[in-house]
1. When a/c reaches 1.5 or more, the comparison of a/b and b/c decides; with that in mind, is chain B rounded, prolate or oblate per its Cα gyration tensor?
2. What does the structure give for B:222-230 when I average, per residue, the other chain Cβ atoms found within 10 Å of the residue Cβ?
3. May I ask you to list the residues of region A:6-43 whose amide nitrogen lies under 17 Å from a point 7 Å from Cα along the Cα→beta-carbon direction of A:Arg77?
4. Measure up B:Lys278/B:Lys340; B:Lys814/B:Lys854; B:Lys387/B:Lys854; B:Lys340/B:Lys387 against 28 Å on the Cα-Cα distance and list the ones that go over.
5. Which FRET efficiency value, to the nearest 0.05, is calculated for B:Ser249 and B:Glu668 with the Förster distance at 22 angstrom and r the Cβ-Cβ distance?
6. So what's Rg/Rh here for the protein assembly as shown, counting alpha carbon atoms and using the Kirkwood radius for Rh?
7. Across peptide B:706-718, how many C-beta atoms of other chains are within 10 Å of each residue C-beta, on average?
8. For a test of the definition: using alpha carbon positions, the gyration tensor, and the 1.5 limit on a/c, classify region B:375-460 as rounded, prolate or oblate.
Amino acid sequence: MSINEEVELLKTVPIFSKIEPAKLKLIAFTSDRMTFDVGQELCHQGDIGDAMYVILGGSADVLIDSPNGPIKVAELRRNGFFGEMAILCDMPRTATVKAHEKLTALKIPKEMFFRLVAEFPQMAVEIMRELAHRVEDMNGKLAAAQAA
Amino acid sequence: MEKNLFKYIWRHSRHDQLIILFLVIVAQVFYFASLSIPKTIVNDGIEGKVFKTISEVSFLRVSVPVPSFLSSSGSLTLFDGISLTQWPYLVAMSCLFLVMVTVNGMFKKTINTQKGRLGERMLRRLRYELYDRILLFPSAHFRKVKAAELSGMIKDEVEPLGGFIGDAYVQPAFLGGQALTALLFIMLQSIWLGLIVIAVLAVQAFVIPRLRRRILVLGRERQLTARQLAGRIAETVDGVHDVHSHGTSNYERADIAQRLGTIYQIRFDLFQRKFTAKFLNNLLAQITPFMIYLIGGYLVLFGDMQVGSVVGVLLAYKDLPGPVKELIDWDQQRQDVQQKYEQVAEQFQPEGMLPPALQALPDGPVSPLSGDIVLTGVTVADDGGAKPIDGVSLVTPIGRRLALVGPQGGGKEVLTQVMARLIRPSVGTVRIGDVDLSSLPETVTGARIAYVGQDVYLFPVSVRDNILYGLKRRPVIPAVYDDAARRERERFVAESRRAGNPDLNPADDWIDYEAAGATGPGDIDRRIVEVLRAVELEEDIYHFGLRGTIDAMARPRVAESILMARDELHARLADPALASLVEPFDRARYNRNMSIAENLLFGTPVDRTFDPDNIAANPHMREALGRVGLETDLLQMGVAIAETMVELFADLPVGHPFFEQFSFIAAEDLPEFRTILSRLAGKSVADLDDAARARLAALPFRYIEARHRLGLIDAAMEGRLLAARRAFAENLPAAAAKAIEFYDRNLYNAAATLQDNILFGRIVYGQAQGPQRVGALISEVLEGLELRGAVVEVGLDYNVGVAGKRLPAAQRQKVGLARGLVKRPDLLVLNDATAMLDGAAQQRVLDKILDACKGRGVVWALNRASLADRFDQVIVLQGGKVTASGAPGDMAGDKNFADLLAAG
């Protein structure tokens, strides 16, 4: 896929939707487009994170270690992103992400991520929205767990 | 060391000095003859004065003029000669003149060569002796001296001695003789004038040295300040990281400028005084003729002196200043050199030098140490009077594992150094079995005791040579020479002996294989790998090996193994799950994971001819591209790349890391490309000037389709680039072909790393964890073929850099540990030698080292008392004293030890 096609693809990703094409090109150029085979890990819980991933195709499972082995807590599909927490808060990865089917993802280095967030508040808002959704989801699950 | 330079010179070179003196005297005869012949040629040969009275004259009649009291005729006939008429006489005399000049020249040459050789030999001897003394310095002295100052003294400060030594005795003897002859002649003419000349000379001899006294002091200061400057420069280099991290470079500048200013002052002062002395000297020299005129004239006018005598004295006096002046110069040089020598000699005789016998060369292997280690009342006091070790007594069998624990500075560190004899006790003794440790030669302690401290010094050689360094105590296997080389070596050795240097040969094999538990060069690597595993360094060395290159001619076995690994790897890559990881090199296909330059070259550049910076401008490359009509296309690609880069990076600040990481164009060049593009707007690239076109044409060479993804290379372009690849290879001149190692599936590529040779392709961009997965695959392949050892062998060739700085601290420490372990010492003394390793690694390495030293003694100063349970005996040191001692199991009741355990 050439860089121009990639830019077209990125335009359809919600968090990038408000970013001008020239910047998208820079994102595409400086970010690695990675291919993962089924079962390959995108990141591992506890590792140090230095990049955020945006899924461009395929799907992945989000797994969290538990005493009874890893538990699947969510699934990521096209346009989904993850990894922003580790680079925002400089903390280890909070979950393992494993390719469920053959998957392509854009790996945005920490450096680029901060630049983007600083330059495009809209992107920060998109990320906040997603984080809020996750907290809401978590609250719901917590309530359900306590009720059970 | 001899304090007086002249005694030193005389002791070591009197034989040569006398030979030179003899040559100089003999040479005078010929010199005199060569001066007197021209006169005879003119007078007798050409003007024929002699032939006016007789028809034949004797040729080769040799007569020497002597003062009249020796012979009434004023000359002494040595040989009567052959009778010749005028023309043959002229010919013969002319030829004789030529012969004399030649003989004279040859004498000069021989004398100078002899002097030069003598000087160089003495310089060599002196330098060697100084270096030898460094090796015998007491270790405490190294806290006071700077390395750069020592090396500066041996290298530069004694250098002028070499030039002087040849003249040290000959010059004054010769010049003094000349001066005395002239003086004698003057005295014979007139006692009075003679006395005047002597008086003026006496004033000269009295005044000039006085003027020089200050010059000598300044000279000494000049030498000292220059030496300190060298020391300071070395300090800047050693501490450069601290200079940068504290931003103190200007402070350093100030200091150096201050020193340079002082040196300037001293040197300028020196010059001034030197020239003043010279001026006075010349003045005094001219006073003599003045006095001769005045007093001689007075004596002629009012006394009984003849005019002729005054003229004679003047003439004789004319010959006097030459030698006297040279004598004065010689004397100046003598003082200069003598003072340099004394200055240096003083620096090389610290208190407490080691007796040379401690470092004598052993005849053969040394026998193991056995018995108990017995410390009796050992106290170590430092310069300040503090006692890091205070009255320690202990007895322990040498084969025990001894853990020394205690607070930092409590004495455990110093105690290890005492046991390794790096520090000598101020009071008390250390004995091993029935020998006093301090009397053991270093070759014995070096072979049987190994010490590894926190700081490990590595020499700038390979990892292997650093590990084997501890085994080089005596030549074990003599170097093998063919006849010619052996004769050369014998000459070399003879010369070494003449200069008082040892005849040891660094080309011999000095490695004590037996001590390392190997049989010879063939299996020493096996032992090295064993110790590398014990210190967990083998994996790192394996990676050095993968990144290393080898000379396939010198190591055909390794090259062949690597080709086997290449075949095996590519067989595995046939698996569809792995095939996407690597794009192999294929002469018939364009490799999208290589740059355009690499694709065109299809090989590894051996030197700078075809490296990425130069390839675009290379005439052969341009010619090949022109032949397949690609030049314009590449130029267009360059335009496309420049446009994209200008667009993408336009508003990034200069110095942004993206430029270095991603851009084809350096930040500072971006405006230039923007200008080129704006000039291009709407026009054809053909309208651009050559320089702009060259800039654009160079851009695509670094372009990698799979990585940069600008979509510049489609299938058709791939085909044309392949055509260019062929065109380039076909017409390559032989000289340029040597600059490339072409990729060939069946050949080892000596310019590429082992890893690239095995891979024979490129790791595909954008495959998750591609490099790691390929690395694991290569490792698996090498493991399967049992070739890991071959790679480690190559890794051992890795050069560690100056002071091991190409290795991180932890690896340096591991190399130090490996160096100690490979000796299989009776006693391994470790002073917190795993400090640079992380906690878990420390524990693992400690266990492995203890395992490797089973049955042999280990003394380990531990920073973490919790590791002490692995030892036979624990000794707690606090305030320089032993506060508790016993088996780890019996220590539970000791409060100090419990505290240390609690502290971790």
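Since every read-out is calculated from the coordinates, none of them should be taken as a lab result. Everything quoted here is computed from the prediction, not taken from an experiment. Because the Cβ atoms are built from the backbone with ideal geometry, glycine has one as well, and the counts that use them run over all protein chains shown.
1. In terms of gyration-tensor shape, oblate.
2. Shielding by partners across B:222-230 averages 0.
3. Those under the cut-off are A:12-15.
4. Over 28 Å Cα-Cα: B:Lys387/B:Lys854; B:Lys340/B:Lys387.
5. Computed FRET efficiency for B:Ser249 and B:Glu668 comes out at 0.40.
6. That ratio is 1.10, to two decimals.
7. If you average over the peptide's residues, the count of other-chain Cβ atoms is 2.
8. Cα axes put region B:375-460 in the rounded bin.
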